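Student: Got a structure for you, written out below as structure tokens; questions coming shortly.
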Amino acid sequence: METMEIRCVNLRGYPTEEVYICLQETDGYKRIIPLYRLLSRDKLTKLDILFRDCRIKGDEWLNQIGVTEEEILSLYFASPEGKAELLFRELVDLGLLPRPENGYITLKSRGKTYRIEIETLKLFIDGKEGCFQCDEELPHFDRLIALCLTIIHNPEKLEIRG
Amino acid sequence: MVLLKRLGSGGHTEVEVPHATAVEEILRHLTKGGIAVTEEGRSIRLDDVSKVKDSDKVLLIPAIKGG
């Protein structure tokens, strides 16, 4: 199994605006696991202490807070974020979505090339960065699925400026 | 029966409904600007919702628009 790399990131809307996520390299993209939603308060406090003391190297943090990769993955895949990723993988396996490569999904639709950076969900249309929005607050991979299927079936929706 | 799988902020919901109810639900979803796709990858349009087959598995995707 690939190493789980921990990161402390800023996220608007959270009291301290700093939360923990971990990244894991998987089939052609990086899986982003929102630890701040999955781990108990006491484990997150232990992470605070480890980060403050700069005692985090590789995936040592797992041992330090007393959790295994398998436990984290099981919590993740039971959460809306993990279920969205499972559906994404199912759609890729069914051939409904292209297979990710080097962190990107590339789609051709109606003469244009669309490239999506999976980690950030940045969209590039024929090389130029484009914008999109969804009225619903969707988990990361649900947003990616919605974007890909819109590009495949209704790319004109992305041209509407609102 | 048609299986409808909806992506949404509250997570995925999956319901098996009679054909007539499914057609009604899909129509409502498409009218709101969403996308409906079968498991075979066929996109369902407003004018061909009635072609949805009993036993189809349909994914209801929220609307995405350019910003």
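Nothing in this text is a laboratory measurement; each read-out follows from the coordinates by a stated rule. Quantities reported herein were computed from a predicted structural model and do not represent experimental measurements. Cβ: placed from backbone, ideal geometry, glycine included. Neighbour counts: every protein chain shown.
Student: Quick one: which residue in A:Thr120, A:Thr150, A:Thr68 is under 15 Å from B:Leu59 (Cα atoms) and of a type outside the set (A, V, I, L, M, F, W, C)?
Tutor: Working: A:Thr120 fails: under 15 Å from B:Leu59 (Cα atoms); A:Thr68 fails: under 15 Å from B:Leu59 (Cα atoms).
Among A:Thr120, A:Thr150, A:Thr68, only A:Thr150 is under 15 Å from B:Leu59 (Cα atoms) and of a type outside the set (A, V, I, L, M, F, W, C).
Student: State which residue is nearest to A:Pro98 (Cα to Cα) when the search covers only the range A:118-141 and only residues that are in contact with a Phe, Trp or Tyr (Cβ under 8 Å, 6 or more places away or on another chain) and surrounded by 15 or more Cβ atoms within 10 Å (Cβ to Cβ).
Tutor: Here the answer is A:Ile118.
Student: Another question, then. When you scan the range B:38-49, do you find a residue that is assigned to a strand (DSSP E or B), within 16 Å of A:Asp142 (Cα to Cα) and either away from chain A (no Cβ under 14 Å) or out of contact with any helix residue (DSSP H, G or I) (no Cβ under 8 Å at 6 or more places or on another chain) (or both), even just one?
Tutor: The first filter runs over the range B:38-49 and keeps only residues assigned to a strand (DSSP E or B), leaving B:38, B:43-44.
Imposing the further condition that a residue be within 16 Å of A:Asp142 (Cα to Cα) reduces the set to none.
No, the range B:38-49 has no match at all.
Student: Could you list, in sequence order, the residues of the range A:109-162 that are closer than 19 Å to B:Glu40 by Cα, touching a helix residue (DSSP H, G or I) at 6+ places or on another chain (Cβ under 9 Å) and either β-branched (Val, Ile, Thr) or in a strand (DSSP E or B) (or both)?
Tutor: The answer is A:Ser109, A:Ile145, A:Thr150, A:Ile151.
Student: Would it be correct to say that A:Glu81 is in contact (Cβ under 8 Å) with a residue 60 or more places away in the chain and in a helix (DSSP H, G or I)?
Tutor: yes
This table checks each residue for (1) of a type in the set (A, V, I, L, M, F, W, C); (2) within 14 Å of chain B (Cβ to nearest Cβ); (3) out of contact with any Gly (no Cβ under 6 Å at 6 or more places or on another chain).
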residue: A:Leu44; (1), (2), (3): yes, no, yes
residue: A:Leu47; (1), (2), (3): yes, no, yes
residue: A:Leu50; (1), (2), (3): yes, no, yes
residue: A:Cys54; (1), (2), (3): yes, no, yes
residue: A:Asp59; (1), (2), (3): no, no, yes
residue: A:Ile65; (1), (2), (3): yes, no, yes
residue: A:Leu75; (1), (2), (3): yes, no, yes
residue: A:Leu86; (1), (2), (3): yes, yes, yes
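Student: Here's another thing I want to ask about it. What number of residues in the range A:128-148 are touching a residue at least 12 places away in the same chain (Cβ under 8 Å) and either polar (S, T, N, Q) or over 18 Å from B:Thr13 (Cα atoms) (or both)?
Tutor: Count: 6.
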